[in-house]
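Some notes on the structure that comes next.
The values are calculated or read from the model by the stated rules, or taken from the named source; none is laboratory data. It should be emphasised that the depicted structure is a prediction, and the values quoted were computed from it without experimental measurement. Positions of Cβ are backbone-derived with ideal geometry, glycine not excepted, and every protein chain shown enters the neighbour counts.
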Amino acid sequence: MELYELVDRYHIDTDLSCAEAMFKACDEYYRLGLGEEARKMFSVMGLGMQSGTSCCGAFTVAVGIIGLMTAEEGRIDRENVQGYDMICELTERVDRRFGTLRCPYLRELKVYRYEDPCHLVVEEIAKMLEKILEKHGLRPPDMESTA
């Protein structure tokens, strides 16, 4: 199963927000073992990010996952060049694909075969995140030995 398929399972026809679906899927797929405190922290990003100037909640969670998977224990974030580069790449990919990172504009997209445009957006962000992480050698535990 691919990350986007897991995201779809948590997002389509559920009560989970885009951020909650992305969080749960990433936590499960990459076996991160994130607890309830982390879930609560990320959960509001799907609801609280819907203001006119706010960024997509699923994108925001993806950025957090990149930080979680690339930051080194005890080091300050400005030294995380790998994470920074990955976030820049994700930002460019999402912006190129959808023309914006802003939640309200993404929610207004008209997309073929998707009743809710957010389902496509979240699915695409999951695909992009997985490709970027894989490119940098960050794979799910059961796939690490196949690299």
Restricting to the stretch 95-115, give me the number of residues that are of a type in the set (D, E, K, R) and either touching a residue at least 12 places away in the same chain (Cβ under 8 Å) or buried (at least 19 other Cβ atoms within 10 Å of the Cβ) (or both).
3
Do the conditions hold for Tyr4, that is, is it of a type in the set (Phe, Trp, Tyr) and touching an Asp or Glu at 6+ places or on another chain (Cβ under 7 Å)?
yes
Quick test for you: out of Arg93, Arg75, pick the one residue that is more than 21 Å from Arg9 (Cα to Cα) and over 15 Å from the mean Cα position of the chain (by Cα).
Arg75
Just one of (1) out of contact with any helix residue (DSSP H, G or I) (no Cβ under 7 Å at 6 or more places or on another chain); (2) charged (D, E, K, R); (3) assigned to a helix (DSSP H, G or I) trips up Arg113, so point out which.
(3)
Out of (1) in contact (Cβ under 8 Å) with a residue 40 or more places away in the chain; (2) assigned to a helix (DSSP H, G or I), the one Cys88 does not meet is (1)
Among the candidates Glu134, Glu144, which residue alone is modelled with pLDDT of 95 or more and part of a helix (DSSP H, G or I)?
Glu134
Taking the stretch 40-70 as the search range and keeping residues that are out of contact with any helix residue (DSSP H, G or I) (no Cβ under 6 Å at 6 or more places or on another chain) and in contact (Cβ under 8 Å) with a residue 12 or more places away in the chain, which one is surrounded by the most Cβ atoms within 10 Å (Cβ to Cβ)?
Gly64
Where the second residue is among the small types (Gly, Ala, Ser) and assigned to a loop (DSSP other than H, G, I, E, B) and the first is on the phi < 0 side of the Ramachandran plot and lies in the stretch 1-27, which pairs have Cβ atoms under 9 Å and are six or more apart or on separate chains?
His11/Ser17; Asp27/Gly33
On the basis of being surrounded by 15 or more Cβ atoms within 10 Å (Cβ to Cβ), at pLDDT 95 or above, more than 19 Å from His11 (Cβ to Cβ) and of a type outside the set (Lys, Arg), does Gly83 make the cut?
yes
Going by the structure shown, is Leu106 of a type in the set (A, V, I, L, M) and outside any helix (DSSP H, G or I)?
no
